[in-house]
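The values are calculated or read from the model by the stated rules, or taken from the named source; none is laboratory data. Values in this document were obtained by computation on a predicted structure and should not be read as measured data. For neighbour counting, all protein chains shown are included, and Cβ atoms are generated from backbone atoms with ideal geometry for every residue, glycine included.
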Amino acid sequence: MLKVGLTGGIASGKSVVGEMFVARGAHLVQADRIAHQLMLPGQPVYNEVVRHFGGAILNRDLSVNRAKLAEAAFGSNTAAASSADSSRIQELNRIVHPAVLRSQEEWMEETGRQDPRAVAIVEAALIIEAGATKRFDRLIVVTSSDEQRVVRFAARQKLELDIARKEVERRMAAQLPEAEKVKVADYVIDNSGSLEELGVKVQSLWKNLCDEVRSKR
């Protein structure tokens, strides 16, 4: 089995890349979905998040309102995270990341048992920031221009461009710069073109990953 980390900045298109890999036969899990499950009412992570960030982040049914949690963690500074905001982000990461990493490891172990020749991909925004790069055989970083991020985020969240731009800037301030991520990547996928162009790049990389799996036998 080949363990692959798939990461990139907000709205870089890593989820689209992940879907393309799945269409070609890869196994994939999204860290964001794992975190969502861990923050369901009654889960230990849920209890810790509510204890640290308060009931204001909850919906009426006591589920976590992810937009309110993001606002509580990232703060209101739209240009860069202040030191206070950064502390809150770190606080949230300390609660969520260890549990997400454990779930990822369990998923990869189970995937390997079911398919010893699998390409097992974990899609996560903060692989490098969480110090998790050594958990993978290969790391893929998806890149994109800042303006493309804004357009994609606006479309996804149904926001005006100006509002989306401020939100993207706020969230990117809490992540490593793209140039730093590229430095530690085994593979970089530039998602600045069309979907067709992206598909060609994914297909080429998929062949490389499959060759690596075969060479490990």
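Structure notes:
- For the range 119-143, the set of residues classified as in contact with a Lys or Arg (Cβ under 8 Å, 6 or more places away or on another chain) and farther than 10 Å from THR7 by Cα consists of ALA120, ARG135, PHE136, ASP137, ARG138, listed by residue number.
- Residues of the range 120-150 satisfying the condition of being more than 30 Å from ALA164 (Cβ to Cβ) and either basic (Lys, Arg) or in contact with a His (Cβ under 7 Å, 6 or more places away or on another chain) (or both): ALA120, LYS134, ARG135, ARG138
- Elements of the type helices (runs of 4 or more DSSP H) sitting completely within the range 90-184 and holding at least 2 residues that are without any contact (Cβ under 8 Å) to a residue 12 or more places away in the chain and under 20 Å from MET20 (Cα atoms): there are none.
- Any chance VAL184 is surrounded by fewer than 16 Cβ atoms within 10 Å (Cβ to Cβ), at pLDDT 95 or above and under 17 Å from the mean Cα position of the chain (by Cα): yes
- Qualifying residue in the range 36-50 (condition: surrounded by 15 or more Cβ atoms within 10 Å (Cβ to Cβ) and of a type in the set (Asp, Glu)): yes
- From ALA56, ALA67, ALA80, residue being hydrophobic (A, V, I, L, M, F, W, C), at pLDDT 85 or above, surrounded by fewer than 16 Cβ atoms within 10 Å (Cβ to Cβ) and within 18 Å of MET172 (Cβ to Cβ): ALA67
- Reported count of residues in the range 108-126, each being within 16 Å of the chain's Cα centre (by Cα) and at pLDDT 95 or above, is 5.
- Residue tally, condition under 15 Å from GLY5 (Cα atoms) and crowded, with 17+ Cβ neighbours inside 10 Å, over the range 196-212: 4
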